[in-house]
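Quick notes on the structure that follows.
Computed from the coordinates by the stated procedures, all read-outs in this text should not be read as laboratory data. Please read all numbers here as calculations on a predicted model, not as lab measurements. Cβ atoms come from the backbone with ideal geometry, glycine included; neighbour counts cover every protein chain shown.
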Ligand SMILES: [Cu+2]
């Protein structure tokens, strides 16, 4: 009897001291809920800010909640190459679709990742919540060393307090798979212009792997810094080393710094090809082919991220008026036909389309009237995988006033 009693006491002591209670509780939870995975874990942020936003939400003063998901995927380039990327994506209308636990669920609920990610558009003077979900990787090899990595969003140029600035562990931990973090943003009344969001964890790898997207702040549609425009294009220059990305996917054996050698230079995640009907070429992307009508004013929001490439944006046939940079109005706007832009910079440029430009053309080329190219004049960027002119190049496609359709 004594020995049975002693054994029972020892079992109880072991149960309480070791991991058995956790096992017992999770078995109980599974029995009652049937859930194999826990719900997303919310990383607690700044308490005061959360309280303030809870009050704002109760008063209907939060304009929108954006749910952004991080995952991996492939993007096909116009030369047929499939490149492995990390990126930001979302469900329809940036809605909350909860935790993503399987590849099937991801492919069903989320759009495929895009590099750069889709733009987020905010209005001056409004409050927003941006929720970052880490949906995990699904394309890596089983034993790849990067299968469990965390991310953040840094809202580049918004000059935020550290609590929502997206720098890992300063002060909040980054977001691991199955976790979420809420960024509370109040956009000042007097702020407008072109910004970007990007991951700030191990930035050399995560940014270069494709984790960036445009962020636009506007006071009034079709207006910026007191200038009006008829249509706008966001042109995001970036570069990638497809061999490094494949190594990251397969092995996760991350080589540092100087081993990165970009072999693709992109405009909105695409390259140009001489085959003008290639559907994946920059010029067949409605967000990248600059369509305009005579007499109109076009705003180009030029953005760049990269490893060490300085882009030289050069449209043939047009000088642009640079009216703002890095989210600030220029007191003295200036005209440029070649504009250097490095990683993290943004320029807001207005192009006035003269009346004669739809007729400008050459009789012997296949471009047709009204068409002129715009490209990176840093020639290193105009060569992807050793082939020219497969780089960040697009066209201005200017049409007669009479052809103008309602936007
Ligand atoms: Cu990241």
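FRET efficiency for the residue 277 to residue 121 pair, using the beta carbon distance and R₀ = 30 Å, is estimated at 0.45.
How much of the DSSP bridge set in the chain is antiparallel, in percent, rounded to the nearest 5? Approximately 70 percent, going by the DSSP bridge assignments.
Using the rule -39500 (n - 2.57) for each DSSP H run of four or more residues, divided by the residues of the chain, the 222 nm mean residue ellipticity is -4500 deg cm²/dmol.
Which ordering of 47, 287 is given by a fewest-first count of other beta-carbon atoms within 10 Å? Ordered from fewest to most neighbouring Cβ atoms within 10 Å, 47, 287 come out as 47, 287. Here 241, 337, 202, 355 are placed in order of increasing Cβ neighbour count within 10 Å, fewest first, which gives 355, 337, 202, 241.
Computed from the C-beta positions of residue 223 and residue 340 and an R0 of 30 Å, the FRET efficiency is 0.65 to the nearest 0.05. Rounded, prolate or oblate for segment 41-219? Axes are the square roots of the Cα gyration tensor eigenvalues, ordered a ≥ b ≥ c, and the cut-off for rounded is a/c under 1.5. In terms of gyration-tensor shape, prolate. Taking Cα atoms, how many degrees apart are the long axis of helix 2-17 and the longest axis of the chain, rounded to 10 and kept between 0 and 90? Roughly 20 degrees, rounded to the nearest 10. Beta bridges assigned by DSSP with both partners in segment 41-219 are antiparallel in approximately 65 percent of cases. Distance from the C-alpha centroid of segment 86-155 to that of segment 185-257: 14 Å, rounded to the whole angstrom.
Relative contact order for segment 301-407: 27 percent, from Cα pairs under 8 Å spaced at least 6 residues apart, divided by residue count.
Axis of helix 20-33 versus longest Cα principal axis of the chain: the two differ by about 60°, to the nearest ten degrees.
Taken over segment 231-403, the percentage of Cα pairs per 5 Å bin, counting from 0 up to the bin with the maximum distance, is 2, 8, 16, 20, 19, 15, 9, 6, 3, 2, 1, 0. Converting the Cα gyration tensor eigenvalues of segment 144-272 into ellipsoid dimensions via √(5λ) gives semi-axes, longest first, of 30, 22, 10 Å. Taking the inverse of the mean 1/r over every pair of distinct Cα atoms in the chain gives a Kirkwood hydrodynamic radius of 23.5 Å. Note on residue 104 and residue 143: with the Förster distance fixed at 30 Å, the Cβ-Cβ geometry gives a FRET efficiency of about 0.85. In segment 227-321, the DSSP beta bridges split such that about 40 percent are antiparallel, to the nearest 5. In terms of surrounding Cβ atoms within a 10 Å radius of their Cβ, 357, 402, 384, 95 rank from fewest to most as 402, 95, 357, 384.
Seen against the Cα atoms of the chain and their longest principal axis, helix 47-58 is set at about 70 degrees.
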